[in-house]
Every structure is written in C-alpha cells, then in structure tokens.
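Okay, so here's the structure we're looking at.
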Amino acid sequence: MNQLYNTRINEHRYLEIYNKKIRQIKTGVIIVIILVIVVVTAKTLNDIYHNWIDLVIQRYYLSYQEGIISSDSYYKFKAQLEYNQDFIQWISLIIANFAKILLNIGFLLIIVGFLSITTDRSFNKRLRRISLILAVVLFIFVLYFVFEILFKDVEVITYYYPPFYSVEMKETFL
C-alpha cells in the first residue's frame, strides 16, 4: 500500500514537472509568435506609409506642373511629407528593433525550457536527446539572429537634422 502511494506521488510529481516545463516552452513560443507579428506589422506599416507618401507627392507634383498650386506651397508640402515619412520610419524602426530584442528573450525562454527537459533524469533518454538537439538548433539560430542584428542588419536612420524640429527648421539644415 505504501509503495503504491509513493509511485502515485512520483507519477504526480513527474506530471507536474513535465507540465511546468512544457508550459515554459509554450509561453516562449507564444511570445515569439506575438513579437514576430509586431515586427512584420511595423515593417509593413512603414512600407505602406512610404508608398502612400510617394503617391501624395506625385499627385502634388502633377498639380504643380499643371499650375494649380505654386512652387512654394509644393516644396513646403513635400518637405512636410518627407519629414513625416522619416518620422514614421524612425518610429517603426524603434518598435521593430525593440521587438527583436524581446524576440531573443522569448527564444531564450524556449531554449531554457528544452535544456531543463534535457537535464531532468525523470524524462526518458529519447525525449532528453531530442530536447537537447532542439535547444542547440535554437541556440545557433538565436546566435545567428543576434550577430546578424549587431553587425549586418542594424537598421538605423541617420538624420542630417534633429528629428523633432519643424519643417522650417528642417529646411535650414538641408
């Protein structure tokens, strides 16, 4: 009777530990999915806004060519739109780079979850081996992702003017 009770306790403990580790992996996966959606959305909105600004500038250029608006108002409007375009690009890059940092944290949660399964002797050998392989593959992926951000794909906008000045201040810097 006592031995049966101990095996039930061990089985319950095993399931509890297993559920906790799987929950950590699921949490990491959910964080990664949400942050990938944020990065893709920020970049897509930036592209859409960029295309819209180009369309509006082209329409105002045609109005300027037809003589509907003066050259002074065209250049002021164009400068304002280019300033807004730079500002939106700056904001979207801040959001995307911040999300990439949080994405690495989410991947680290997943890696720690797999490594905790690997080090736990209560899991069978095959599952531990598979979790070690997945942890190493994800770790290599994260290292590639981090070094790609650090050295190759750093998205930074260099301004020739401070980003929060008005159009009139921007024209003095050009």
Note on Val32: of the conditions (1) more than 27 Å from Ile17 (Cβ to Cβ); (2) in contact with a Gly (Cβ under 6 Å, 6 or more places away or on another chain), unmet is (1)
Of the residues Ile110, Ile48, Ile31, Ile105, only one is β-branched (Val, Ile, Thr) and either farther than 30 Å from Ile130 by Cβ or not in a helix (DSSP H, G or I) (or both); which? Ile48
Based on this model, can you work out whether Glu16 counts as farther than 24 Å from Phe145 by Cα and modelled with pLDDT of 85 or more? no
Count, please, the residues in the stretch 31-48 that happen to be exposed (fewer than 15 other Cβ atoms within 10 Å of the Cβ) and either in contact (Cβ under 8 Å) with a residue 24 or more places away in the chain or acidic (Asp, Glu) (or both). 3
Does Ser122 count as in contact with a helix residue (DSSP H, G or I) (Cβ under 6 Å, 6 or more places away or on another chain), surrounded by fewer than 17 Cβ atoms within 10 Å (Cβ to Cβ), of a type outside the set (D, E, K, R) and closer than 30 Å to Val29 by Cβ? yes
Of all residues in the stretch 70-86, how many are buried (at least 16 other Cβ atoms within 10 Å of the Cβ) and either among the acidic types (Asp, Glu) or in contact with a Ser or Thr (Cβ under 9 Å, 6 or more places away or on another chain) (or both)? 3
Being without any contact (Cβ under 8 Å) to a residue 12 or more places away in the chain, out of contact with any strand residue (DSSP E or B) (no Cβ under 8 Å at 6 or more places or on another chain) and over 30 Å from Ile22 (Cβ atoms), is that true of even one residue in the stretch 95-107? no
Between a first residue in the stretch 131-155 that is of a type in the set (Asp, Glu) and a second residue that is modelled with pLDDT of 70 or more, which pairs have beta carbons less than 8 Å apart while being 6 or more apart in sequence or on different chains? Glu155/Leu93; Glu155/Ala96; Glu155/Asn97
Return a yes/no flag: does the stretch 42-57 have any residue that is farther than 30 Å from Ala99 by Cβ and either charged (D, E, K, R) or modelled with pLDDT of 85 or more (or both). no
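The values are calculated or read from the model by the stated rules, or taken from the named source; none is laboratory data. These figures come from a predicted structure and were not determined experimentally. Because the Cβ atoms are built from the backbone with ideal geometry, glycine has one as well, and the counts that use them run over all protein chains shown.
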